[in-house]
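Here the structure comes first, spelled out in structure tokens, and everything after it is commentary.
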Amino acid sequence: MNYPLSLSFKVLGFAPQIYVREADGTLRMYVKQKLFKLKEAVTVFSDDSQSTPLYSIKADRVFDFNAEYGITTADGAAIGAIKRHGRRSLFSAHYDIKRGDEVVASIKEENAWVRFLEALLAQIPLVGFVAVMLLNPTYLVTRADGTLLLKVKKMPAFFEGKFEVSQHGQMTADEETRVLTALLMMTLMERARG
């Protein structure tokens with residue numbers, strides 16, 4: 001992938017969708033979440049024509065705060081999983097990225113107060129507009145040993161959600177696939193939180 005990546009989605013869209021573009025603007029992935037499913041299900045396509053599915057992300061249970069989301073290739077081969085830290089994630093986002101049963105990486109908010117203030121102030125007219133433009137949470141993706149791999153920063157935007165993903169550490173192709181697909185699911189879950 002050619003970093004920094006851009007993740008964008010319409011804030012007022014009916015079905016959650018994410019466009020993933022490389023630094024030169026090339027669309028690399030398109031994500032569409034299936035609506036009206038008892039278990040959350042997300043399909044990652046090669047582009048917005050939705051003709052070539054690349055990955056599938058599915059919850060392991062129905063309506064559970066501690067659900068684990070399995071990530072597979074289009075042909076069903078397991079890549080990994082992402083799991084939110086239940087109650088500990090109420091104030092600060094914290095996710096584990098797994099390969100089998102082993103936690104190989106994590107996603108954590110750099111500063112939980114930023115998102116908390118953004119969500120609080122966004123409820124106040126006019127002040128909310130300023131908050132959305134100025135208060136932008138950042139998420140750090142690290143290996144289990146603490147090595148920083150990626151930094152994900154929410155960018156100022158009002159009618160569209162935008163995130164910039166910058167690379168800070170080298171990754172194998174398998175590791176990059178696991179981390180990026182987990183980031184896409186994390187983005188959908190955080191979008192739902194506000």
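Quick notes on this one:
- In range of the label at S92: residues from region 143-184 whose backbone nitrogen is under 19 Å from the point 7 Å along Cα→Cβ: 143-154
- Taken one residue at a time, the phi angles of region 99-108 give Karplus couplings (6.51, -1.76, 1.60, θ = phi - 60°) of 10, x, 9, 8, 7, 9, 7, 9, 10, 9 Hz. Gly and Pro are set to x.
- Hits among lysines - C-alpha to C-alpha of K34 under 20 Å, sequence gap 8 or more where chains match: K10, K58, K83
- Spatially proximal aspartates and glutamates relative to K154 (Cα-Cα < 14 Å; intrachain offsets below 8 disregarded): E109, E110, E118, E164, E190
- Scalar couplings 3J(HN,Hα) for region 46-60, obtained by applying the Karplus form with A = 6.51, B = -1.76, C = 1.60 to θ = phi - 60°, are 6, 7, 7, 6, 6, 8, 10, x, 9, 9, 10, 10, 9, 6, 8 Hz; x denotes Gly and Pro.
- Cleavage-rule hits (chymotrypsin sites (Phe, Trp or Tyr not before Pro)) in region 155-191: DSSP loop, at most 14 neighbouring Cβ within 10 angstrom: F158, F159
- In straight-distance terms, cross-link reach from K32 covers every one of the aspartates and glutamates whose alpha-carbon lies under 13 Å from its own, apart from those fewer than eight places away in the same chain; here that gives E40, D47, D48.
Every read-out reported here was derived from the displayed coordinates using simple, explicitly stated rules and does not represent laboratory data. Everything quoted here is computed from the prediction, not taken from an experiment. Reconstructed Cβ throughout: ideal geometry from the backbone, glycine too, with neighbour counts over all protein chains shown.
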